[in-house]
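The values are calculated or read from the model by the stated rules, or taken from the named source; none is laboratory data. A quick note: this is a predicted structure, and the numbers were derived from the prediction, not measured. Cβ placement follows ideal geometry from the backbone for every residue including glycine, while neighbour counts extend to all protein chains displayed.
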Amino acid sequence: MNIDLPFVGRVHDIPSKASWLKFYDWSKTYGPIYQTKIFGAVHVWISSEMIAHDLLSKRAIIYSDRPMIPNLPDNRTSGDYLALLGRTETWKRQRKLCSHLMHASALSSLHSYPKRERNRFLCLMWRDPSKYVEWIEQFTSRTVSRLSWGTTHPAHMLRHTTFGLLETISPSGALPNIVAFLRHLPACLSPWKQKERARHELEDRLFRANVDFVGHRMAGQRAEPSFIRTFLESKQSTDEKERAKWGETDEAMHVVGLMAIAGALTIGSPIQSYLLAMCHYPEWQRKLQEEIDTALDGRCPEWEDREQLPTLRAVVKEVIRWRPPVPTGIPHAIEKDDIYNGYFIPAGATIHALEWGITRDEQMYPDAENFNPRRWLDPSFPTFREPLTQYPNLNGFSQFGFGRRTCQGIPVVEQDLFLTMGGMAWAFDVRKKRDARTGGEVPVHWNDYTPLLIAKPAPFPFDAVPRSRDKMLAMRAMYDEAAHDHELEAEDADEYEYDLFSDLGTLKFGQDANGVEIGAEQTEDIGGDDDDVDSDHDVLINVRDSSPEPDLSSRDSCSELEELESDKEDVIIMPLLDEKMQYAKIEPVVTVLDVPGAWRWA
Ligand code: HEM
């Protein structure tokens, strides 16, 4: 006889914040697979990697569909978002194209875009670490804009539309995703529909403008490499088969758009979690620095150095395990009734590989709450794998999903994280701030994360102190390169239709997933409020010394500068990160219709 899975909980038992902790708690009582019913819909929760593989990979034929998202009801069929499509012919075609475009770019080491943006990112972190969320979001959106369309121009707008989409699809982001019947309200009565429609229209215009831009640049032989250029080149082939192979431009526009969305949304989470980990586990920062300093003789890590830096790869992987970026996973849907170990799983149920629970499995990850990269480096741990020139790496890691729906962005994630985490370890001592009055450490939260589908740490204070004068000089050179890059970009600014968006005026995307206002920096100097500096030069004083005393962090105040006048040895001049380093000027699409209760930021 088949029996139902353990049945747990009611909707009001599920907290709106960090719901994954509750689902994980239940797994400790009811086992690694159980079900919940929310407004009549069956949800199955899996907290074991083995069970997730048994069902989602080995029985992929019936477990590869996606559920309908009440607040985006055509997600399974519309073809706009590959990751949300049902198991349809459109999904198969789009997945193949995505894989082809990613593969082509990965073969060229992603055209070194992550490195260029990483260098710019380090300068900004040096300039003002307190704005780390903004700098990280700029890094991810600019890198993926380059990869997608060969330019950073769309990065700012991409952030607006993408964070809006995250709200639209997240259970804690829009009420109809929980109270499903609200989706039947007509648009005139549904603030959610109105807002999503306006967001979608803006996104569509953005993606079309980007494809036009690349086509235009290709006509002048001036297009930088990108996913969309690879596609458009296949359209120009003399071979008819090749021209037809990858489908229509409209569809490719959406596939590349989804890749950009995925890159802009997700990668900031582990970069921020790295900073959190370094505040709590300084010993791992020291180990990382030792490895980098010894292997690279003082040089900043580059992607080509990865074989020599297993500790850095272990830190990357452990950050993702310790604080999974998609803690509840992206749900699958089952198409036919199934039985697993005697338990009945009904057709149509939503299946969640609970990534948070999977990474807490003590069999596989002993002392799972502890951040311990050694588990990837030491043969006494079950997760160890040789050779260390190759492992650990992110291929096949549970945090990127299962079966036919696994993530296709791993080459980008791997390179972005290796370079940013390695770059920060090379450049800075990240550490808790000290209270100027008491000298005590300013506390940093342990696990306070945002509630949307992609979880990011709530803002926290820390210092990022450059480790030596040599490193500051190297970062100064990085700044020059980044400024030069910007000049080149400015040259093609006229070809990109900025004012395309100026007439929309019906949207307000206030905050990003951290609750931080998106692009708050855009209307001001990117270097922050430097009222106290009246020349076009700002000075960063930032040298490590042997004293454990704090306050080696960046300072701008005039009095502090004067104080340090006498110690010019330790002063490196850094131009203000003025307009040169800003996004090209897209006026933010601002205001209007702040629909009451439309989207919730918990
Ligand atoms: C830290 C960063 C990222 C994480 C943790 C992550 C994680 C995931 C997860 C859990 C899934 C769902 C897998 C499943 O349903 O079993 C997924 C799907 C996907 N990801 Fe990622 N991802 C990341 C970054 C990226 C990037 C940068 C791209 C592209 C540039 C990307 C492209 C995709 C695509 C296309 C899918 C959908 C696959 C499908 O439905 O067939 N991801 N990702």
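Structural remarks
- Annotation for the stretch 126-137: no member residue is of a type in the set (Ser, Thr, Tyr), in contact with a Leu (Cβ under 9 Å, 6 or more places away or on another chain) and within 14 Å of the ligand (Cβ to nearest atom).
- The lone exception for Gly422 - which of (1) of a type outside the set (A, V, I, L, M); (2) modelled with pLDDT of 95 or more; (3) within 30 Å of Ala174 (Cα to Cα) it fails: (3)
- With respect to the conditions (1) away from the ligand (no atom under 16 Å from the Cβ); (2) part of a helix (DSSP H, G or I); (3) farther than 22 Å from Thr77 by Cα, Ser273 falls short on a single one, namely (1).
- Number of the exception - Val412 against (1) within 16 Å of the ligand (Cβ to nearest atom); (2) of a type in the set (A, V, I, L, M); (3) within 20 Å of Ala277 (Cβ to Cβ); (4) modelled with pLDDT of 95 or more: (3)
- Tally, over the stretch 310-353, of residues that are in contact with a Gly (Cβ under 7 Å, 6 or more places away or on another chain) and assigned by TED's automatic domain parsing to the domain that holds His280: 1
- Count of the stretch 335-361 residues which are modelled with pLDDT under 95 and surrounded by fewer than 13 Cβ atoms within 10 Å (Cβ to Cβ): 2
- Condition broken by Thr151, with the remaining ones in (1) surrounded by 24 or more Cβ atoms within 10 Å (Cβ to Cβ); (2) assigned to a loop (DSSP other than H, G, I, E, B) satisfied: (1)
- When the strands (runs of 3 or more DSSP E) confined to the stretch 312-416 are screened for residues that are of a type in the set (Val, Ile, Thr) and farther than 21 Å from Ile454 by Cβ, those reaching at least 1 such residues are found at 338-340, 343-345.
- Close Cβ contacts (under 9 Å, 6 or more residues apart or on different chains) running from residues in the stretch 213-234 that are farther than 20 Å from His100 by Cα and of a type in the set (Lys, Arg) to residues that are assigned to a helix (DSSP H, G or I) and modelled with pLDDT of 95 or more comprise Arg217/Arg229.
- So Gly401, is it under 17 Å from the mean Cα position of the chain (by Cα), within 15 Å of the ligand (Cβ to nearest atom) and among the small types (Gly, Ala, Ser): yes
- Filter result (of a type in the set (Val, Ile, Thr), within 13 Å of the ligand (Cβ to nearest atom) and either part of a helix (DSSP H, G or I) or without any contact (Cβ under 8 Å) to a residue 24 or more places away in the chain (or both)) within the stretch 235-268: Val255, Val256, Ile261, Thr266
- Within the stretch 417-458, considering residues that are part of a loop (DSSP other than H, G, I, E, B) and among the acidic types (Asp, Glu), the one farthest from Thr266 (Cα to Cα): Asp435
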